[in-house]
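Here's the structure we're looking at; comments come further down.
Values in this text are rule-based calculations from the coordinates and carry no lab data. Note that the coordinates shown come from a computational prediction; the quantities given were computed from them, not determined experimentally. Heads up, the Cβs are rebuilt from the backbone with ideal geometry, glycines too, and the neighbour counts pull from every protein chain shown.
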Amino acid sequence: MTTAPTPAPQATWRIIDAPHGASLDAPEAWAYRGIAEVERECALDEFGHDDVAQRAIDVLVGMQDQRYLRRRRLVAVEDQPDGTPRVVGHAVLYLPQTSNEHLADGRVAVLPSHRRRGIGAQLAERLRQIAVAEGRTTAFAEVDFAHEPVPAEDEADDRVLVPPTGSGAVAADHPGMVLARRLGLRLELVSRRSVLELPLPDGAAERFAADARAAAGPDYRVHTWQDRTPEEWIEQYADLETRLTMDEPNADLDLLPERWDADRVRFHDAEHAAAGRGYVVTAAEHVPTGQLVAVTMLLFARDRPELSEQETTVVLPEHRGHRLGMLVKAVNLQAHARVRPATRRISTWNNENNPHMLAINVALGFRPAGGCAALQANVADVVPADVGAAPPAGG
Ligand SMILES: CC(C)(COP(=O)(O)OP(=O)(O)OC[C@H]1O[C@@H](n2cnc3c(N)ncnc32)[C@H](O)[C@@H]1OP(=O)(O)O)[C@@H](O)C(=O)NCCC(=O)NCCS
């Protein structure tokens, strides 16, 4: 006798607030681990590697002290046969607390295996509702992509989107772009992601540093530190971070400068340490005034020995034109090679409309490796999702 196969139960999912676990060993840690797993799968799907994916510890540490940046986290979960929840998608809304309090910066990600079921749209709708309830007026979203398309030269090509800056491009049919534009967000800016393969050819960093040092002259000297900002420089370092938020070209993104102070620098140092991250910083001092006028940082997760990320690089406007950007970067690369000899690549993001920074990176050997599209809208103009598409279960 044959038994008719029982039809597989219709998979259902529901959206809940991500529970907070005090550590990654806590019972609730399934949520943060699941968020990291979704990010890893999305990164593998888009880039073929998980370099850009947040780790569970990054998610956890970000939730522990939110004094500068509050986060609302949602997870789309499916119950597995054994009753335990599985995260199949997640959404986060970043709510700045000390400046840019008008912003609601959102991200939605869904496992590739669970796409086109309405999960992304429902997560986005929940973020929209939170942004409204929080009184935020500007919505931001970013879409990471692996390949930058080349717009056709002679005709309008609606498969390729070019931001109003005219620099960079993104494919119109990229799922993140389709969803974001359907919600009413407009493309404002495209940043380029670049990767530098390590080790550099023998003597390359030394040559770049020596040439830049010769151009800069004796009025400048460099200081390098690791993992903890020396108290001697902390106020000045905070000022440079503030300047970066004032000077970085952000096109028409509704982004105001952020005031950094010594406490904020200490906060970030502690956050990096708690999340198992380390860094190497090189700064240039203008010797006649004792002022720090340029800085750059290479940041890394200790459990990702192959990768470091190029962060913050800034040169004060009145000291530009002395090759200080190249000087601090080349010296920092030398220091980094001593601290992390096994690292195989450094990745970085640059606004496509920041030609000076791009030129330094290209000279150092960074090669394009995809990009990031920044979109925005007034929160009031974000299109509500079709509530009829909501899943049957959950809230
Ligand atoms: C973008 C993303 C979140 C969409 O998740 P999803 O669960 O597939 O989204 P939905 O099923 O709710 O789709 C919503 C709408 O987006 C559009 N869309 C999504 N993926 C699409 C694709 N591959 N091709 C065309 N349209 C697509 C459609 O209009 C779709 O509605 P429809 O299915 O009714 O036509 C998912 O592709 C993803 O995680 N991408 C990587 C992360 C990312 O880029 N996030 C966006 C930045 S915030």
Semi-axes of the equivalent ellipsoid for the chain, Cα gyration tensor, largest first, Å: 39, 24, 21
Calculated over region 199-343: convex hull of Cα atoms, volume per residue (Å³): 124 Å³
Euclidean distance of C-alpha centroids, region 286-357 and region 63-93, integer Å: 34 Å
If the convex hull is drawn through the Cα atoms of region 255-333, its volume per residue in Å³: 127 Å³
Pairwise FRET efficiency - residue 78 versus residue 225, Cβ, R0 = 56 Å, nearest 0.05: 0.75
Computed over region 142-237, Kirkwood Rh from alpha-carbon pairs, angstrom: 18.1 Å
Charge dipole magnitude, Cβ of K and R +1, D and E -1 - the chain, Cα centre, debye nearest 20: 540 debye
At most 15 other Cβ within 10 Å, DSSP loop - trypsin sites (Lys or Arg not before Pro), region 272-342: 302, 320
Rounded to the nearest 20 debye, dipole of region 5-148 from Cβ charges on Lys, Arg, Asp, Glu: 520 debye
Along each principal axis, Cα extent of region 44-111, largest first, Å: 44, 30, 20
Gain in span if fully extended, residue 146 to residue 342, counting 0.36 nm per residue against the direct Cα distance: 68.1 nm
Rg/Rg_globular for region 127-177, with Rg_globular taken as 2.2 N^0.38 Å and Rg from C-alpha atoms: 1.51
Estimated FRET transfer efficiency (residue 273, residue 99; beta-carbon r; R0 22 Å; 0.05): 0.35
Low-density loop positions, GluC sites (Glu not before Pro), region 262-330 - DSSP coil, at most 16 other Cβ in 10 Å: 306
Filtered trypsin sites (Lys or Arg not before Pro), region 177-272: DSSP coil and at most 16 other beta carbons within 10 Å: 228, 259
